[in-house]
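S.K.: Structure in structure tokens, see below.
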Amino acid sequence: MLLAIDIGNSFTKFGIFENDTLRYRLDIPTVHRQIADEIYNPEIQTIHAVIISSVVPELKNAYLELSQKYYNLEPIFVDSSFDFNITIKYFPAENLGVDRLVAAFAAVGKYGVPCIVCDFGTATTIDVVSSKSEYLGGIIAPGMQTMSEALFLKTAQLPKIKIGKPESVIGNSTIKSIESGIYFGYVGLVDGIIERMRGELGETPKVIATGGFAKLIAESSGKIDVVEENLMLEGLQLIYKKQI
């Protein structure tokens, strides 16, 4: 069994693969000061290999200890030096978040090139891989929840809201106006960026979405082709297969 771990800024995803099949998934909040004993889940057993993608460097030692202490394994930490079967046109390459590379690698593996990969989390990234298998880069923007919290924190009278799809774009109360502005404003941001990327690329890419808000945004987006909730975990599994 392979244990794939995707450590994000807000949530950490655990996936157990038997051969090529995802048998188990667990999501937990990312706590930046956790130790291995706090992370360990006794439900996860019989692990033969561990592969990790992380955007939280201070947790590396905790997950190293987790793998060594509880599974007697040396984990594989994925970084930009791995062979992703794509040419990286991003400078400097070592500054590129490994999560963006893993997602792009998985999208190319499942859907081919060209493609656009949208990852909707604490931050939103939208990245482009050309028909020449070149990772060209993309955009980083505040995530939908981050945008909502910033509006609440930076204003004196606007309330905090729960992210969701409003019934109407025209909000008839303060709360509904904020809900509409965040949701439909974000859908407009996403669709507008994808359309501009298509224009610059001069190709017709497949658009793949992942991350916590992917399904919600895709409901109203006219540009997203498919939602892949396990894209990062599947990408880690594919990377592991290349290493063995």
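The values are calculated or read from the model by the stated rules, or taken from the named source; none is laboratory data. In this text the structure is predicted, and so the values were computed from the model without any measurement. Positions of Cβ are generated from backbone atoms using ideal geometry, with glycine treated the same way; all protein chains shown enter the neighbour counts.
S.K.: Which residue is surrounded by the most Cβ atoms within 10 Å (Cβ to Cβ), if the candidates are limited to segment 124-147 and must be among the β-branched types (Val, Ile, Thr) and assigned to a strand (DSSP E or B)? Show your work before the answer.
M.R.: Within segment 124-147, the first condition is being among the β-branched types (Val, Ile, Thr), and the residues that meet it are 124-126, 128-129, 139-140, 146.
If we keep only those that are assigned to a strand (DSSP E or B) as well, we get 124-126, 128-129, 139-140.
Details: Thr124: 25, Thr125: 21, Ile126: 22, Val128: 24, Val129: 28, Ile139: 17, Ile140: 14.
Among those residues, the one meeting the criterion is Val129.
S.K.: Starting from segment 34-54, keep only residues that are under 22 Å from Asp20 (Cα atoms) and in the same structural domain as Ile7 (by TED's automatic domain parsing), then list their pairs with residues that are buried (at least 19 other Cβ atoms within 10 Å of the Cβ) and among the polar types (S, T, N, Q) whose Cβ atoms are within a distance under 9 Å, requiring at least 6 positions of separation or different chains.
M.R.: Ile47/Ser67; Val50/Ser67; Ile51/Gln237; Ile52/Ser67; Ser54/Thr12
S.K.: A further question on this structure: Could you identify the single residue in Ala103, Ala4 that is in a helix (DSSP H, G or I), aliphatic (A, V, I, L, M) and under 25 Å from Gly212 (Cα atoms)? Quick ask: steps written out before the conclusion?
M.R.: Working: Ala4 fails: in a helix (DSSP H, G or I).
Answer to the check: Ala103.
S.K.: On to the next question. Quick check: is even one residue across segment 66-88 part of a helix (DSSP H, G or I), modelled with pLDDT under 95, of a type outside the set (Gly, Ala, Ser) and over 24 Å from Asp20 (Cβ atoms)? Walk me through it before giving the result.
M.R.: Restricting attention to segment 66-88, the residues satisfying the condition of being part of a helix (DSSP H, G or I) are 66-71.
Then drop every residue that is not modelled with pLDDT under 95, which leaves none.
Looking through segment 66-88, none of the residues is part of a helix (DSSP H, G or I), modelled with pLDDT under 95, of a type outside the set (Gly, Ala, Ser) and over 24 Å from Asp20 (Cβ atoms).
S.K.: A follow-up question, please. If Gly164 satisfies all but one of (1) within 30 Å of Ala4 (Cα to Cα); (2) modelled with pLDDT of 95 or more; (3) not β-branched (Val, Ile, Thr), what's the number of the condition it fails?
M.R.: With respect to (1) within 30 Å of Ala4 (Cα to Cα); (2) modelled with pLDDT of 95 or more; (3) not β-branched (Val, Ile, Thr), Gly164 is out only on (2).
S.K.: Any chance you could count how many residues in segment 1-15 are free of Cβ contacts under 8 Å to residues at least 60 places away in the same chain and within 18 Å of the chain's Cα centre (by Cα)? Write out each step before concluding.
M.R.: Restricting attention to segment 1-15, the residues satisfying the condition of being free of Cβ contacts under 8 Å to residues at least 60 places away in the same chain are 1, 7, 12, 14.
Next cut, within 18 Å of the chain's Cα centre (by Cα) only: 7, 12, 14.
Here the count works out to 3.
S.K.: A follow-up question, please. Please work out if Glu195 is touching a residue at least 60 places away in the same chain (Cβ under 8 Å) and either exposed (fewer than 15 other Cβ atoms within 10 Å of the Cβ) or under 30 Å from Tyr111 (Cα atoms) (or both).
M.R.: Details: touching a residue at least 60 places away in the same chain (Cβ under 8 Å): no; either exposed (fewer than 15 other Cβ atoms within 10 Å of the Cβ) or under 30 Å from Tyr111 (Cα atoms) (or both): yes.
Answer is no for this residue.
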